[in-house]
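The values are calculated or read from the model by the stated rules, or taken from the named source; none is laboratory data. Please read these numbers as outputs of a predicted model, since none were measured by experiment. Reconstructed Cβ throughout: ideal geometry from the backbone, glycine too, with neighbour counts over all protein chains shown.
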Amino acid sequence: MMPRCLCRRALQLLLTVTLCVYVTRAAEPEQAWDTAKNRGTAVPQMKEAAEHDIDDAGPVDEGTRAYHAALQALSPLYSSDEAEMLASQQSISFLRSFISRRAGPVDFMLRILSNLHIPGLAGSRSAPKGEIRGRGAKVLDLLSYAVEQGNMDALAMLGEVSMFPPTSIPMNLTRAFEAYTTHATLTGSPFSQSLLGFFYATGYGGVVEVDQAKALLYYTFAAVGGDQTAEMALGYRHWAGIGVPEDCMTALGWYESAAERAMAQFLSGPPGGRTLLLYPTRLSDLIGGVYGPGSSVASTGWNANRAAVRAGQARAAGETWQDILEFYQYHTDQGELEYTLRLGKIYYHGTLYIPSAGSSAGGDAVGAVRQDYRRAAQYFVRIARHMWPRDSLKAPLANLRELDERSTILVAQACGYLGRLYMRGEGVRQDAKIANMWFERGAEYGDRECHNGLGIIHKEGLLGSKDDAKAIHYFAGASGADLAEAQVQLGRYHLLNGDSVSATQFFDIALRHGSPFEAYYYLAHIHASMARAVSLGTTSSGSCAVALSWFKIVAERGAWDNDWMGEAEKRWNTGHEQDRKIAMLYWAVAAEAGHEIAQNNIAYLLDKGEDYGMTNHTSSSALLYWTRSAAQNNIDALVKVGDYYYHGLGIADALIPEHLEKAAGYYQSAVESQLSALAMWNLGWMYENGLGIPQDFHLAKRYYDLAMETNPGGYLPVTLSLIKLYARSIWYTISGGKNHGLSLWDLRDATDEHWYLGKSKEDAKKARRNSIDGGIGERVGEDAVQWARDRRDRDEQGDFGPEDHLFSGEGEDGESVEFVETLLLLILCGLLAWLIYVRTQWATRRAVEERRRRDAAGQPDGQAPNHRNAVGRGNAGLRDVFL
């Protein structure tokens, strides 16, 4: 029989599992519907109607009853979709939310159960497919009946579920267009008018013919009505000259209005502002760029450190977010504070790629995990308790335990996050006094987030009365530690006091330290004022372009009500065919509003021949989106436009000289950025062959050399091109060419230094250190995977070696180069030894043959002089080898 204590432990575990399953199943529909009803594209009526109870609403008509019934039937459909979207992100069982996360057999068993994906333990419960399809048909019937009864909310919802439906309802763009047309006509809804403008601007799905005049009309009415997406679309159209003349000042006005709405939403959040949305992902970055790693600007130089590129490399190596989180959880269970802190940060920000610009930054969507403030708070508390086992609001610094310097720094950072959680009410009850306690503890040890938090508390008067002097004191301390949030606060203080010069200085410093939102907003306002001061109605200074680009960044990062990019990311990652069609639709709407990443994603998919529902879209559409992406400082897209003109893709009268000239012009524009080695090589090729531009061997060599200098990793194709170029130049000169060919002495210019094995990698490392990121508004956040690798390298007691799959195949460039060079040296030494041996054997055979010949001639055996001569000839052979 089992011991009585083991039986009791097993019974307790079984009861706990049963209770947790029941609680999770009961809470799941409500939580999932909360997520669904707060989607960025939902109309306000949907949010309000979902909060009503039909039994307490009093007398209602048949249309309202049908509408509420449709919402109730729609709830589990979005619940099912939300569960599928989160399935790939949820790596640790929900049971950890109810049971202490201490190391032990129970904790280990729960982690194993979570990896087995047992139905009911995975946190998802889906109805049979037939039942789900039946609910989808019921939703459409109820909404149609409510529309017949004259319910306008149902009409808007009918357009919503037809255009952006859950998986169980087929997409029907024709029905969506008709619903939005009727709704806009009867109610004047800005949201409906904005989507009608999109349909007329793109002709998406072949629903209507493209009509830019109607698109401009609907966008204008929607923007005047306050739709942020329409304001951005109008700003982008006036900036790019789409259907209207280019006008920077008009575009500036629309983008400024959209940015004002974004800033108002940011400030409407908790103290310190709303957390920014995750930074969206270019699909091409996941494979190293449009042209692949090493050839694309997106993955060379400093750009190789961007989150999307690193995430693509991690996925290609077989690493999953679940494995990475389990790796962190394992070390957390072993009591390692660094891993515990990082795990808390990951769940706080909702991404593996943690922003390095302060706690309000959004991180990167490519590493998104399920955000869980409560779980993050538990990890932070676990760290803080090593130093502060008990709390005291009156004496925050009491009950102190002394720790080593490294642990003290980690505890101070955890205090900063705990103070932020309590100050903002994220995952815990909002309490300024408890927040102040944690901030005081962390500030005692110099944590910059804690200084910034104390500044916000005194600035906002969260403890009773405002104290600007104390707030400035704490902000100055955090600013001195290079915290962008605090520098923005100081800049705002000087701006409100009329000192725009000092304010501009603080905002500029905040930009350099990674402020992704507020600093852009205030600097854009300063430049907009300068632009309007010199504007004469039709002309303006260069400040207009600067202000417009920064207002554009603010509007795109602060689109909480219409998060087209975030919704597209979620839908695309499910992998379902219809979800990917909807993701394509989201990107198309965002592209019309000027989102460069959306334009790049659509162009990339169309270039691959994948339209995902964009009927009647050919290579001409891909060229259109590549061109719009290129106009927003995407160098790879600029090279791609040159390729389309070079090959005659997507244009009428292909392969005529004018198109080759345009291709050369686009390549030249990309060359001027000094970032694209591929554009330099293409331009060298065109000069070598005289395609679209006069043939010039000297310019061809110049651009080939520039390509080598820009990207030393391409030494092989460039070297082959130079060899062919010289051969062609020599033949051109011999055959009587009119222009001067290349001189062989020019070879010295291409080989200033002797080539050696590993040179390209060493130069590439230098280029990465010296180059800058070419994308506007893109950041390089912290990488959970890379941090774990670095942590392992400096930890003398690491349990994982190179065979661990998280770090397999990884190594420093120098180590790989040294290994190759050592291997080559050994091969050369072996070859030399073999040559010596062969030469010795040959000399010995000659000596033996000479002796036999002399013997045959009758010379006596053993004659010393002849023997010494033979040996001497053998030694001379050895000397020949060495000399």
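Just a few scattered comments:
- Of all the residues in the range 289-321, those that are in contact with a helix residue (DSSP H, G or I) (Cβ under 9 Å, 6 or more places away or on another chain), surrounded by fewer than 22 Cβ atoms within 10 Å (Cβ to Cβ) and assigned to a loop (DSSP other than H, G, I, E, B) number 6.
- Contact map, the range 655-668: residues that are more than 11 Å from residue 686 (Cβ to Cβ) paired with residues that are among the aromatic types (Phe, Trp, Tyr) and part of a helix (DSSP H, G or I), Cβ distance under 6 Å, separation 6+ or inter-chain. Pairs shown: 659/645; 662/645.
- Scanning the range 157-211 for residues that are in contact (Cβ under 8 Å) with a residue 40 or more places away in the chain and of a type in the set (Val, Ile, Thr), we see that the one that is nearest to residue 135 (Cα to Cα) is 169.
- So residue 519, is it small (Gly, Ala, Ser) and not in a loop (DSSP other than H, G, I, E, B): yes
- Lone qualifier among 437, 423 - being out of contact with any helix residue (DSSP H, G or I) (no Cβ under 6 Å at 6 or more places or on another chain) and either surrounded by fewer than 24 Cβ atoms within 10 Å (Cβ to Cβ) or not acidic (Asp, Glu) (or both): 437
- Looking across the range 567-589, just one residue is part of a loop (DSSP other than H, G, I, E, B) and either in contact (Cβ under 8 Å) with a residue 24 or more places away in the chain or touching a Leu at 6+ places or on another chain (Cβ under 8 Å) (or both), and that is 576.
- Residue check, residue 223 of a type in the set (A, V, I, L, M) and buried (at least 24 other Cβ atoms within 10 Å of the Cβ): yes
- Of residues in the range 637-657 being under 23 Å from residue 241 (Cβ atoms), part of a helix (DSSP H, G or I) and not hydroxyl-bearing (Ser, Thr, Tyr), the one farthest from the chain's Cα centre (by Cα): 642
- Scanning the range 171-214 for residues that are out of contact with any Leu (no Cβ under 7 Å at 6 or more places or on another chain), closer than 25 Å to residue 621 by Cα and outside any helix (DSSP H, G or I) yields a count of 7.
- Selected residue [touching a His at 6+ places or on another chain (Cβ under 9 Å) and not hydroxyl-bearing (Ser, Thr, Tyr)] from 376, 432, 384: 376
- Sole residue being surrounded by 22 or more Cβ atoms within 10 Å (Cβ to Cβ) and under 19 Å from residue 362 (Cα atoms), chosen from 478, 528, 519: 519
- When 427, 446, 362 are checked against the criterion of being assigned to a loop (DSSP other than H, G, I, E, B) and in contact (Cβ under 8 Å) with a residue 60 or more places away in the chain, a single residue qualifies: 362.
- Evaluation of residue 332 against (1) surrounded by fewer than 19 Cβ atoms within 10 Å (Cβ to Cβ); (2) of a type in the set (Val, Ile, Thr); (3) over 19 Å from the mean Cα position of the chain (by Cα); (4) assigned by TED's automatic domain parsing to the domain that holds residue 461 (one fails), failing number: (1)
- The residues on offer are 715, 704, and the sole one that is assigned to a helix (DSSP H, G or I), under 30 Å from residue 315 (Cα atoms) and at pLDDT 60 or above is 715.
- In the set (1) free of Cβ contacts under 8 Å to residues at least 40 places away in the same chain; (2) surrounded by 20 or more Cβ atoms within 10 Å (Cβ to Cβ); (3) in a loop (DSSP other than H, G, I, E, B), the condition left unmet by residue 371 is number (2).
- Of the residues 560, 564, the single one that is under 18 Å from residue 236 (Cβ atoms) and in contact (Cβ under 8 Å) with a residue 60 or more places away in the chain is 564.
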